[in-house]
1. What 222 nm value per residue comes from the helices of the chain, counting each DSSP H run with n ≥ 4 as -39,500 (n - 2.57) and dividing by all residues, nearest 500 deg cm²/dmol?
2. If you count the DSSP beta bridges with both ends in the chain, what percent of them are antiparallel, to the nearest 5?
3. Check cross-link reach from K255 to the aspartates and glutamates: straight Cα distance under 12 Å, and skip same-chain residues fewer than eight apart.
4. Sort F49, F342, F318, F161 so the one with the fewest other Cβ atoms within 10 Å of its own Cβ comes first.
5. By its C-alpha gyration tensor, with a ≥ b ≥ c as the square roots of the eigenvalues, how is the chain shaped: rounded for a/c under 1.5, else prolate for a/b larger than b/c, else oblate?
6. Just add up the charged neighbours of R395: K/R +1, D/E -1, any other residue whose Cβ is under 10 Å from the Cβ of R395.
7. Between L217 and residues 5 or more places away or on another chain, which pairs have amide H atoms under 5 Å apart, with H built 1.01 Å from N, and which residues are they?
8. In debye, nearest 20, what is the charge dipole magnitude of region 202-270 about its Cα centre with +1 on Lys and Arg Cβ and -1 on Asp and Glu Cβ, if you could check?
Amino acid sequence: MTDTGTGPAQLPPREVEVLVVGGGIAGVAAAIAARRAGARRVLLLERQFLLGGLATTGLISIYLPLCDGRGTQVTFGLAEELLRLGAEKGAEGLYPDAWLNPESDPEERNSQRYQVQLNPWHYALKLEELCLATGVDLLYGAVVAEVSCQNERIHSVLVQFATAERLQIQPCMVVDASGDAIVATLAGEETALYKQRNILAAWYRHFDGTTDHLQPLGAAELPNDEREERGLPPAATAERWTGVGAVEQSDFALKMHRWILKDARGSLTALPQMPQLRMTRRIVGVTIPDEDPEAVYSDSIGVIANWRRPGPGYEIPFGSLHGRRVRNLLVAGRCSAATERFWDQTRVIPACALTGEAAGTAAALCDAVPDLSIERLQEQLRRAGVQLRRPRSLR
Ligand SMILES: Cc1cc2nc3c(=O)[nH]c(=O)nc-3n(C[C@H](O)[C@H](O)[C@H](O)COP(=O)(O)OP(=O)(O)OC[C@H]3O[C@@H](n4cnc5c(N)ncnc54)[C@H](O)[C@@H]3O)c2cc1C
């Protein structure tokens, strides 16, 4: 029983097959995939009280493309299911009619990308509904505070609530979808920070008397080496944040708020509930994929589109979802492994859904990552509709 009258209480410990930390797009995809792949007890922990992470409470509601920009779809599976979930109900813009409307002329797909702008609040509720319908256990207000390891495995995870209650969880497998590789760091897995550090962003929403708009301040950022290649000057804002420390995150939020107040047009209708940090900390994976559209991986878990420009997309290796040190830990979303430059492609929403689906599926199929049969994982992903290779026409 919880005794909230006498101080911090310990909730009854829980054992789960798959523990997913972080309810952003990656965590939602991981939890759903784990259930669908047969795991019975799947627990999804989220420190906020809504799902979707940056895509919803962070107000980053543009679900980038699943296609190559020339009319061919490259990303499938849950990444497509989650895009459609947002497009069918609650789309605000960029509605990909040519892709969703069976009556439309397929030729139109050459000029329209398969992407959508979501309504964040509607989408958060639809994600929650889908998780519940799939049998995922959800726990909100839950902050992972400690991880203890034994024999190169995560043995238990301590969760802290704002109510001062604590919960000890003993997981068989863990998926770190925290965006900041929190579990990986606490478990002693090798990680790396974003060297270039983040520019300030401050996306907010306002009502202009007729419509509710998304206002994306600090909309785009290019990696420094790409700026140099294109002959562009260094990024406009001099100040940058790694985004991994508490004080730094708070400072980022304060500056974000100042910028919004200065820019504010119409009536403000929504503010970001989390700092809009693009890349903070990632794992150093067994494989570290680079921005190479020719790369082919025997352990491919699917293909992501190049969201910046038309192109054949990139295969993503399973080796980018785990490190070498912790046997029962997988990572998904914007904290999975990539080179500094390629991170800009792996961090976006469809890529997070893709890595989430693969990590959750893998977690349901094994007790330790080194024992996982890659063929079995790939077979399960194929059955779920994922295409592991670029379509033939793009090879
Ligand atoms: C300014 C900006 C613009 C962007 N533009 C686009 C765009 O136009 N289109 C696009 O597709 N992508 C864009 N992105 C990237 C994209 O939004 C994110 O990278 C993606 O949504 C990340 O998903 P995720 O699930 O990996 O992580 P997150 O969305 O960060 O989810 C992680 C979740 O984990 C929770 N969490 C963290 N720590 C803990 C803990 N200790 N305990 C419990 N829970 C925890 C968080 O509350 C959060 O809900 C942009 C990002 C930024 C910042």
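1. Details: 10 runs with 103 residues, N = 395.
Here the helix-only value at 222 nm equals -7500 deg cm²/dmol.
2. Working: 33 of 54 bridges.
In the chain, approximately 60 percent of DSSP beta bridges are antiparallel ones.
3. E239
4. Numbers: F49 11, F342 21, F318 26, F161 18.
In increasing order of surrounding Cβ atoms, one gets F49, F161, F342, F318.
5. Values: a/c = 1.40, a/b = 1.13, b/c = 1.24.
In terms of gyration-tensor shape, rounded.
6. Working: positive: R389, R390, R392; negative: E294.
After counting each charged neighbour, the total is +2.
7. A202, W203, Y204
8. Numbers: 8 positive and 11 negative charges, 65 e Å.
Approximately 300 debye in magnitude.
Each value in this text was obtained by applying a stated rule to the coordinates, not by laboratory testing. These numbers were taken from a predicted model, which means no experiment stands behind them. FYI the Cβ positions are ideal-geometry reconstructions off the backbone, even for glycines, and counts take in every protein chain you see.
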